[in-house]
Amino acid sequence: MDRRAAVRDTYDRIATHFASTREYAWPEVESFLEGREGTVGLDLGCGNCRHAESLAPHVDRVLGVDVSRGLLETGRTRAIDRGFSVDLIQGDASRLPLAADVVDVAVYVATLHHLPTRESRVASLGELARVLAPDGRALVSAWSTAHDNFDREDGFDTTVEWTLPGGERVDRFYHIYAPEEFEADLEASALEVVDWEISSGNCYAEVAAGTKGNSLK
């Protein structure tokens with residue numbers, strides 16, 4: 001099975017239980033969104049749409065993209081229950097089914113590290129650059145070796161178990177980024193880094209669409 005398909009199937013399998021544990025938006029996302037406005041917002045890797053819900057007051061239209069149909073269904077339910085509007089799209093983060101230059105505000109958190117190859121990760125950053133409007137801004141995050149769980153300095157691939165009700169354990173793929181590697185992948189993409197930080201064991205970057213193309217082929 002293709003490794004990206006395996007990631008999709010994993011999240012389809014755990015979608016309902018996973019979504020039930022993801023109630024609140026991350027504070028870093030709330031801080032990024034403060035004072036921002038636009039026509040189109042994008043929650044890339046939207047899951048249960050907790051960040052799409054945070055985006056909704058800041059833009060006229062929210063797009064939620066996720067590879068997992070199961071997670072999209074949990075997002076649809078949340079939107080109905082909470083009374084916010086989001087257009088849900090099943091799609092691969094490295095091949096976004098969106099036009100260029102249309103997104104004013106984007107949130108791409110806790111998703112990049114699930115893409116199984118560096119090529120797909122840099123391609124997804126390039127896709128984010130492609131869909132961002134010239135004045136658009138995005139927040140990108142990835143799990144980092146700076147987290148207390150890890151005692152390594154170099155980036156590495158691993159799996160993290162998810163335990164379903166009843167005790168079944170499901171492995172989830174992660175690429176754990178070294179901070180300098182995160183910077184390097186951003187540099188290899190067509191994104192321009194406006195600001196970045198490490199917070200709660202994650203690397204965060206506020207980015208804009210740059211003028212260069214992807215340097216990783």
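The values are calculated or read from the model by the stated rules, or taken from the named source; none is laboratory data. The model shown is predicted, which means the values in this text are computed figures rather than measured ones. Ideal geometry is used to build each Cβ from the backbone, glycine not excepted, and the neighbour counts take in all protein chains shown.
For segment 29-40, the candidate set comprises residues that are part of a strand (DSSP E or B) and not small (Gly, Ala, Ser); within that set, the residue that is surrounded by the most Cβ atoms within 10 Å (Cβ to Cβ) is VAL40.
None of ARG76, ARG36 is in contact with a strand residue (DSSP E or B) (Cβ under 8 Å, 6 or more places away or on another chain), farther than 28 Å from GLY126 by Cβ and modelled with pLDDT of 95 or more except ARG76.
Identification of strands (runs of 3 or more DSSP E) wholly contained in segment 41-143 with 3 or more residues that are crowded, with 24+ Cβ neighbours inside 10 Å and without any contact (Cβ under 8 Å) to a residue 12 or more places away in the chain yields no element. If you go through segment 166-180 and keep only what is within 15 Å of SER199 (Cα to Cα) and either polar (S, T, N, Q) or in contact with a Gly (Cβ under 8 Å, 6 or more places away or on another chain) (or both), you end up with ILE176, TYR177, ALA178. Pairing each residue of segment 188-205 that is over 16 Å from HIS147 (Cα atoms) with any residue that is among the polar types (S, T, N, Q) and assigned to a strand (DSSP E or B), provided the two are 6+ apart or on different chains, yields C-beta distances under 9 Å for ALA205/SER141. If you filter segment 190-217 down to residues that are farther than 14 Å from TYR108 by Cα and hydroxyl-bearing (Ser, Thr, Tyr), you find that the one that is modelled with the lowest pLDDT is SER215.
Can you find, within segment 10-28, the residue that is surrounded by the fewest Cβ atoms within 10 Å (Cβ to Cβ) among those that are in contact with a helix residue (DSSP H, G or I) (Cβ under 6 Å, 6 or more places away or on another chain) and of a type in the set (Gly, Ala, Ser)? Within segment 10-28, the match that is surrounded by the fewest Cβ atoms within 10 Å (Cβ to Cβ) is ALA25. Looking at SER85, SER31, just one residue is of a type in the set (Ser, Thr, Tyr) and either within 14 Å of the chain's Cα centre (by Cα) or closer than 21 Å to VAL207 by Cβ (or both), and that residue is SER31.
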